[in-house]
Amino acid sequence: WLPALPRHYYLHAHMLSERVFAFMFGCAVLVIACPCALGLATPTAVMVGTGVGARLGILIKSADALEACGAVEVVLFDKTGTLTCGTPRVSDFLDLSPASGEQGGAGARALWRLIGAAESNSDHPIATALRAHASLHAGGGGEGGGGATGNGAPLPVPREYESVPGQGVRCVVEGRRVLLGNRDWAAAHLVSLSAAADYCMAGLEGDGKTAVLCCVDGAVHAIVAVADTIKPEAAATLRALRALGLRVGMITGDNARTARAVARELGLDMDLVHAELLPKHKALAVAALQEDGLRVAFVGDGINDAPALARADVGLAVGSGTEVALEAADIVLVRSSLTDVLGAVLLSRAVIARIRLNFAWAMGYNLLGIPLAAGLFYPAFMLRLPPMFAGLAMAASSVSVVCSSLLLRSVEGDIRRVRAALDEPAVAGAGAGAGAGA
């Protein structure tokens with residue numbers, strides 16, 4: 001339609017040729033339609049976001065993980081080492097051996113010797129607690145077979161060793177068949193549990209403790225209770241996650257009574273609390289929620305959590321976790337603090353919001369600039385955009401998108417303030433505990 005314009009339109013634009021006149025409009029359209037701003041909208045925001053995460057101790061392995069973290073609807077946590085401090089201690093020891101009354105302390109020391117030897121090859125937190133306690137009660141201490149007992153005697157080397165994650169261990173120590181684990185593990189090896197022993201276990205588990213059956217030669221000789229402290233920041237962090245509209249649950253290999261006790265203390269969604277699960281069953285529990293159309297994040301730290309970390313839409317591993325868990329996860333929380341789970345969600349949502357803003361700005365620029373460059377407003381208002389100014393506008397658009405992404409750095413301060421607010425009760429609680437101990 002440009003050649004159909006009256007001649008004074010060309011003269012007004014200082015053009016003597018209608019072809020040159022049309023060519024200038026075409027050049028302006030080509031320059032201003034360059035999709036640089038659109039191409040920069042996502043990668044610049046992701047780059048700045050991952051940098052902010054690294055400074056916060058939140059290592060994000062991919063852009064997909066960064067995007068998915070802000071879209072999750074359910075966050076599931078492992079218990080031991082994730083919601084708890086991961087340093088359990090033996091709290092109760094019930095000697096049920098037939099000759100316990102006759103042997104007295106000697107019988108308990110002999111039993112701890114067997115327990116220490118049986119757990120000498122395991123790096124599970126509960127096994128570590130049992131070994132540590134055994135080392136103080138003539139039961140064993142080294143980090144592997146052949147260590148020393150509390151009184152300096154050599155620790156027996158376990159034979160025919162077998163370990164099943166989430167259930168227990170069995171082996172032969174000095175000719176005696178030793179089995180340590182939960183009810184299912186004992187039942188699988190035809191060890192019967194008396195009503196009194198079951199009642200004792202139920203009471204310990206109701207207090208949030210993990211009860212371990214110690215069986216020797218096919219009979220229950222003791223029940224050991226191991227207690228772990230819930231992380232001070234856990235309750236506040238979970239409340240903050242729920243305030244963001246997320247559902248919060250727990251998946252653990254521990255027994256159901258202990259899991260429910262911890263869930264009640266932390267206010268978890270009881271329908272999302274799954275207990276007594278093997279590693280493969282943890283992954284199946286995550287998959288079941290995904291089949292219901294929910295986007296799931298899983299937070300864990302151990303080898304047992306690796307399948308669930310890999311199966312979840314976003315896997316978050318605490319920095320103190322095992323190498324297998326760190327490798328399977330999409331995001332690594334270097335500080336091992338639960339507040340960083342909230343930080344990862346907030347950072348992801350901020351990055352996605354900034355990407356959308358960048359796209360809106362770039363699209364708005366093109367929607368306004370292309371009609372102007374094409375001469376749509378020239379016949380009525382004599383407004384046109386020369387190619388040189390179109391180039392400047394295109395560059396300004398790209399620079400504005402980059403600057404918009406750089407503004408994400410302000411999110412770092414916001415997240416730090418949120419983390420500090422959640423950590424304050426934890427620090428205060430630790431200080432109160434220290435004062436009480438003094």
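So that you can scan it fast, the table gives a plain yes or no per residue for (1) of a type in the set (G, A, S); (2) farther than 19 Å from E205 by Cβ:
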site	(1), (2)
T258	no, no
V262	no, no
D269	no, yes
K282	no, yes
E291	no, yes
A312	yes, yes
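Yes or no, residue by residue, for (1) modelled with pLDDT of 95 or more; (2) charged (D, E, K, R); (3) assigned to a helix (DSSP H, G or I); (4) more than 17 Å from the chain's Cα centre (by Cα):
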{"residue": "D254", "(1), (2), (3), (4)": "no, yes, no, yes"}
{"residue": "R257", "(1), (2), (3), (4)": "no, yes, yes, yes"}
{"residue": "V262", "(1), (2), (3), (4)": "no, no, yes, yes"}
{"residue": "D271", "(1), (2), (3), (4)": "no, yes, yes, yes"}
{"residue": "A325", "(1), (2), (3), (4)": "no, no, yes, no"}
{"residue": "R354", "(1), (2), (3), (4)": "no, yes, yes, yes"}
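Is one or more of the residues making up segment 28-51 touching a strand residue (DSSP E or B) at 6+ places or on another chain (Cβ under 7 Å) and either at pLDDT 65 or above or exposed (fewer than 14 other Cβ atoms within 10 Å of the Cβ) (or both)? Checked against the condition, which is being touching a strand residue (DSSP E or B) at 6+ places or on another chain (Cβ under 7 Å) and either at pLDDT 65 or above or exposed (fewer than 14 other Cβ atoms within 10 Å of the Cβ) (or both), segment 28-51 yields at least one hit. Please find, within segment 173-194, the residue that is nearest to the chain's Cα centre (by Cα) out of those that are open to solvent by 30 Å² or more (accessible area, probe 1.4 Å) and closer than 20 Å to H124 by Cα. Taking the candidates together, the pick is N182. Each residue in segment 56-78 was checked for being assigned to a helix (DSSP H, G or I) and open to solvent by 10 Å² or more (accessible area, probe 1.4 Å), and 4 pass. Being touching a strand residue (DSSP E or B) at 6+ places or on another chain (Cβ under 9 Å), open to solvent by 20 Å² or more (accessible area, probe 1.4 Å), modelled with pLDDT of 85 or more and closer than 18 Å to R176 by Cβ is a condition met by no residue of segment 122-140.
For segment 325-357, name all the residues that are over 19 Å from V286 (Cα atoms) and either open to solvent by 30 Å² or more (accessible area, probe 1.4 Å) or free of Cβ contacts under 8 Å to residues at least 12 places away in the same chain (or both). Listed by number, the residues that qualify are V334, R335, L346, R349, I352, A353, R354, R356, L357.
Among the conditions (1) open to solvent by less than 40 Å² (accessible area, probe 1.4 Å); (2) assigned to a loop (DSSP other than H, G, I, E, B), the only one that G245 does not satisfy is (1). Among the residues of segment 286-324, those that are crowded, with 24+ Cβ neighbours inside 10 Å, under 15 Å from A65 (Cβ atoms) and of a type in the set (A, V, I, L, M) comprise V296, A297, V299, L309, A312, V314, L316, A317.
The values are calculated or read from the model by the stated rules, or taken from the named source; none is laboratory data. Just so it is clear, the structure is predicted and the values come from calculations on it, not from any experiment. FYI the Cβ positions are ideal-geometry reconstructions off the backbone, even for glycines, and counts take in every protein chain you see. Each accessible area value is taken on the protein alone, full model and side chains, heavy atoms only, with ligands, DNA and RNA left out. Shrake-Rupley method; radii C 1.70, N 1.55, O 1.52, S 1.80 Å.
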